[in-house]
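A short write-up of the structure that comes next.
The values are calculated or read from the model by the stated rules, or taken from the named source; none is laboratory data. This structure is a prediction, so every number in the text was calculated from the model and none was measured. When we count neighbours, we look across all protein chains shown, and the Cβ atoms used for this are built from the backbone with ideal geometry, even at glycine. Calculation scope for accessible area: heavy atoms of the full protein, side chains included, ligands and nucleic acids excluded. Shrake-Rupley method; radii C 1.70, N 1.55, O 1.52, S 1.80 Å.
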Amino acid sequence: MKEAISDIVWELGNQKDIISTDPDDLHAHGYSSWSTVNPDELPVAVAYPRNTEQVATIVRVCHRHRVPVVAYSGGTSLEGNFSAPYGGVSIDFAFMNNILQVNKADMDVVVQPSVGWQDLNTELAKQGTGLFFPVDPGPTAKIGGMIGTNCSGTNAVRYGTMKDWVINLTVVLSDGQVIKTRRRPRKSSAGYNLNSLFVGSEGTLGIVTEATLKLAVVPEETSVAVVNFPSIRHAASAAASVMQAAIPVQCLEIMDEVQMKVVNLSGFTAPRVWVEKPTLFFKFAGTKASVQEHIKLVEKITAANKGGNFEFAKDEKEQKLLWSARKESLWSMLALRKEGEDVWSTDVAVPFSRLADIIEVSKKEMDELGLFASILGHIGDGNFHESIMYNKENEAERAKVEACVKNMVRLAIEMEGTCTGEHGVGWGKKESLLWEVGSETVGVMAAIKKSLDPHWILNPGKIMDVPWERKDSHHDG
Ligand SMILES: Cc1cc2nc3c(=O)[nH]c(=O)nc-3n(C[C@H](O)[C@H](O)[C@H](O)COP(=O)(O)OP(=O)(O)OC[C@H]3O[C@@H](n4cnc5c(N)ncnc54)[C@H](O)[C@@H]3O)c2cc1C
């Protein structure tokens with residue numbers, strides 16, 4: 001690994017600030033306090049390339065020395081996705097943060113991997129384009145990592161997930177070769193859909209250095225409302241009914257009474273204090289008339305499920321505060337930790353008709369732990385999260401929490417759901433992926449991995465075990 005680092009420095013012309021071996025830097029690129037899992041190893045170096053050619057050089061050198069390469073963008077992923085269990089070089093795109101083109105008439109943009117989705121939207125608003133990028137995961141997530149995890153967020157119920165917004169990618173392959181997946185039209189059926197191969201591959205098949213993304217039109221009118229329910233089952237049933245009635249809400253989120261308490265404690269929306277009961281958050285968007293019509297339809301459904309009255313955010317400022325309280329709920333929960341405590345946050349998704357069942361059972365099992373724990377999520381997509389606060393030093397407590405989380409994942413899979421609606425598999429959910437799709441399907445994934453990365457240098461140990469540690473190594477060909 002040392003030789004690889006000195007070769008990288010040499011081949012990039014001894015430029016300063018390209019490689020760091022500072023211990024704090026290594027720690028920040030191999031460990032995350034909001035991730036459910038963290039392997040013991042750290043990367044041995046962090047590279048800071050300025051362009052695609054430099055990324056290709058770094059990867060070519062690592063390929064020659066058989067050294068792992070792990071891509072890093074915003075560092076907000078939650079399943080140990082950017083960790084470095086086999087050491088190697090972490091590539092941080094911090095200096096590749098430019099918006100390269102805004103094609104207003106074509107409703108698309110070309111960006112580098114370290115452009116944050118919030119910054120992109122701020123710039124699009126500043127330029128008066130009337131357009132925005134609707135995929136909204138963790139507030140500080142960046143395009144490279146968002147492609148890596150095929151993320152989504154609160155807008156997914158209306159706008160879909162990351163895979164729906166990618167037009168073309170520039171990708172550095174495991175041997176340093178650079179390819180583009182497509183050109184710039186919004187649709188194409190030319191050949192294999194390589195976008196779908198790279199989106200969600202968590203940096204295990206190639207490294208994205210540029211992306212062309214679709215944009216959406218900013219709606220004329222937006223309204224945000226919350227409505228509370230006597231039980232989580234009532235809230236989940238109401239959410240499923242809204243979706244089954246095909247009312248095009250922009251967002252439909254759930255928070256249980258514990259999470260509402262966290263919002264109040266965080267003071268995000270002070271002086272406003274919310275009722276601490278299971279609550280649905282709605283965002284309505286469209287023309288003025290359509291928003292009014294959708295609100296009426298949703299009010300009827302929530303009332304039929306014993307929902308209270310709608311409480312509307314009173315102005316745009318309060319809409320923003322309320323929405324950021326929802327978006328930053330994980331951080332609010334983390335802020336409540338005491339010394340030695342951690343938060344286990346995980347996501348699953350099920351078909352709508354099973355939502356109320358799984359949420360009710362999971363909530364009951366979680367409450368039986370006797371710990372501070374909450375349920376929240378993008379319920380309009382059948383996707384929800386459990387966040388459980390526990391003492392990481394206490395082995396028995398950790399084991400109990402892990403068992404509870406695994407139970408929820410098993411239950412979701414039994415209900416024909418998935419072990420992760422949006423966070424990805426990373427280092428933490430490899431076993432769950434096997435439960436979900438079986439070893440034959442993971443075998444197909446391994447065959448694709450092997451053909452694109454025969455030496456297994458790209459983010460090894462993520463999504464599936466490395467071949468030399470896998471027990472059923474018949475996939476290796
Ligand atoms: C408070 C909070 C709220 C969140 N809410 C949501 C949510 O609502 N929805 C949701 O989906 N997620 C959510 N997340 C998780 C997280 O924001 C997403 O997983 C996001 O997509 C990660 O982006 P990132 O830039 O931080 O990626 P990183 O953590 O840097 O990387 C993620 C993965 O992508 C790979 N990668 C990074 N850059 C590249 C690249 N250039 N080329 C190829 N691979 C690359 C990495 O190796 C890693 O495997 C939340 C996280 C937090 C902390």
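The figures follow:
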| item | result |
| --- | --- |
| Filtered residue count, region 316-345, keeping only those that are open to solvent by less than 10 Å² (accessible area, probe 1.4 Å), away from the ligand (no atom under 11 Å from the Cβ) and farther than 16 Å from residue 263 by Cα | 0 |
| Only one of 437, 409, 405 that is more than 13 Å from the ligand (Cβ to nearest atom), free of Cβ contacts under 8 Å to residues at least 60 places away in the same chain and either in contact with a strand residue (DSSP E or B) (Cβ under 8 Å, 6 or more places away or on another chain) or β-branched (Val, Ile, Thr) (or both) | 437 |
| Inter-residue pairs, beta-carbon under 8 Å, first within 19 Å of residue 77 (Cα to Cα) and in region 12-35, second β-branched (Val, Ile, Thr) and not in a loop (DSSP other than H, G, I, E, B), 6+ apart | 25/46; 26/46; 29/46; 29/70; 34/343 |
| Yes/no for residue 114 being open to solvent by less than 50 Å² (accessible area, probe 1.4 Å), in a loop (DSSP other than H, G, I, E, B) and closer than 21 Å to residue 208 by Cβ | yes |
| Given (1) surrounded by 22 or more Cβ atoms within 10 Å (Cβ to Cβ); (2) in a helix (DSSP H, G or I), number of the condition residue 434 does not satisfy | (1) |
| Tally of residues being more than 13 Å from the ligand (Cβ to nearest atom) and open to solvent by less than 40 Å² (accessible area, probe 1.4 Å) across region 153-178 | 3 |
| Failed item in (1) assigned to a helix (DSSP H, G or I); (2) on the phi > 0 side of the Ramachandran plot, with residue 306 passing the rest | (1) |
| Residue list for region 62-111, restricted to those being at negative phi, open to solvent by 10 Å² or more (accessible area, probe 1.4 Å) and more than 15 Å from the ligand (Cβ to nearest atom) | 63, 64, 65, 99, 101, 102, 103, 104, 105, 106 |
| Hits in region 207-221 - residues which are within 7 Å of the ligand (Cβ to nearest atom) and farther than 15 Å from residue 99 by Cα | 207 |
| Residues being under 29 Å from residue 420 (Cβ atoms) and modelled with pLDDT of 95 or more - total across region 123-151 | 18 |
| Test: residue in region 120-134 that is part of a strand (DSSP E or B), over 20 Å from residue 203 (Cβ atoms) and more than 9 Å from the ligand (Cβ to nearest atom) | yes |
